[in-house]
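Written out below as structure tokens is the structure these notes cover.
The values are calculated or read from the model by the stated rules, or taken from the named source; none is laboratory data. If you're wondering where the values come from, they're calculated on a predicted model, not measured in any experiment. Cβ coordinates were reconstructed from backbone atoms using ideal geometry, including for glycine residues, and neighbour counts include every protein chain displayed.
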Amino acid sequence: MEEYVFELLDMGVLWRVYGGGALATDIAPYRLLSFLWEFRKLYPRWKPSVDILRAVLMGAFLKTYNQTSIEKQYPAVRDLSQLILWLEATGDFREDALRFIRWHAFLLSHSTRNAGERLRDAVDFAQWFELTSAGSLGEFTPNVEQFTNRETQKYRWREDRIACTRTRVEYHLNMVGAEIMNRAFRVSFLPADRKAVLVPGCMRSRPEKECQAIHVSEGLCCKGCDKTCHVNRLRAMGIKNSFDVFILPHASDLSRWASKPGSPSKGVVGVACLTTLIGGGWELKRHGGPAQCVLLNYCGCKKHWDPKGIPTELDMQEMKRIFNILPRAGAS
Ligand code: SF4
């Protein structure tokens, strides 16, 4: 139930942030952009070239206005389908779009008036959330607006333009979504036969060329070349507590983590920055993998955020909580 409430909230928030841009985008190669997103996932060696092409197409066609420029406060059902097309084309919101397609079909089964009221509820809910979350979660995101005001122009012709210029309310939305997902999927995650933590490459203490991790079918496997590396610390925790750790390149295909009938079930903990966390969790869920997620404490990867790259880290206490390995209160 909470999952569906969250989807509705997500729809309201994304309408308020991107609805204006989606409606202002008269014409765009939506299908080509979506295809290129899938293609780069399936054929990672083509990613650099595909990213250049996507950056040009996105910069030229996909308009992005924030909520202050939206003229229509509440969407009609046809506006929702326009938003879905736009979100899918960005690639960053593919999983959101897949969920909204179901909502769209659901709304079409209602009268125009009823459907309009449901959409109005979603947008009002999002407006309430924006105000409330600014008070309760705002202390974690004080620099987001400063960053976007300063850097948005720099990202204008980059493929990660939307991913790196998310609004503050989207950060808050992802925080809440992570907690809701963890609660909802925990029952199926805990009894899984095999468990693995998937971490991004930016958690490594050493640059990619110096990292000694080896390629295996599931990703990269840390060889423990640096005691201070956060991936290595997690690997050590995994050895003690029977879970594997794999480093995954950004935007990897997660379908290999699908639990197949008759095979041992796989529980996966995805570690990512806020902008990709929920999409990854939903993708794992779509493939039938019981997933949990843990946020990086901050963003720092070289490709998207910092020219030199800052090794990222996560809250190890939270990881222990996910695996039920926190010492009990009062135990010595
Ligand atoms: S400790 Fe592991 S992840 Fe970190 S740099 Fe070395 S091999 Fe790479």
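In table form, for the structure just shown:
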{"read-out": "Matching entry among A126, A134, A105, A60 (being of a type in the set (G, A, S) and crowded, with 20+ Cβ neighbours inside 10 Å)", "value": "A126"}
{"read-out": "Scope region 277-327; condition surrounded by fewer than 21 Cβ atoms within 10 Å (Cβ to Cβ) and hydroxyl-bearing (S, T, Y); matching residues", "value": "Y298"}
{"read-out": "Residue among L254, L248 that alone is free of Cβ contacts under 8 Å to residues at least 60 places away in the same chain, of a type in the set (A, V, I, L, M, F, W, C) and away from the ligand (no atom under 14 Å from the Cβ)", "value": "L254"}
{"read-out": "Complete set of residues in region 202-221 that are at pLDDT below 90 and out of contact with any Phe, Trp or Tyr (no Cβ under 9 Å at 6 or more places or on another chain)", "value": "P207, E208, K209, S217"}
{"read-out": "Filtered residue count, region 189-220, keeping only those that are more than 8 Å from the ligand (Cβ to nearest atom) and either surrounded by fewer than 17 Cβ atoms within 10 Å (Cβ to Cβ) or part of a loop (DSSP other than H, G, I, E, B) (or both)", "value": "13"}
{"read-out": "Tally of residues being at pLDDT below 80 and more than 24 Å from F243 (Cβ to Cβ) across region 310-332", "value": "2"}
{"read-out": "Those residues of region 211-249 which are out of contact with any Asp or Glu (no Cβ under 9 Å at 6 or more places or on another chain) and under 28 Å from F39 (Cα atoms), in sequence order", "value": "A213, I214, H215, V216, S217, G219, L220, C222, V245, I247, P249"}
{"read-out": "Candidate set: region 234-243, residues that are crowded, with 21+ Cβ neighbours inside 10 Å and over 10 Å from M203 (Cβ atoms); chosen: the one farthest from the ligand (Cβ to nearest atom)", "value": "F243"}
{"read-out": "Residue in region 156-165 that is crowded, with 18+ Cβ neighbours inside 10 Å, within 15 Å of the ligand (Cβ to nearest atom) and small (G, A, S) present", "value": "no"}
{"read-out": "Matching option when the condition is polar (S, T, N, Q) and at pLDDT 95 or above, among T141, T112, T132", "value": "T132"}
{"read-out": "Helices (runs of 4 or more DSSP H) wholly inside region 73-139 containing at least 2 residues that are under 15 Å from G21 (Cα atoms) and either of a type outside the set (F, W, Y) or outside the structural domain of K47 (by TED's automatic domain parsing) (or both)", "value": "77-90"}
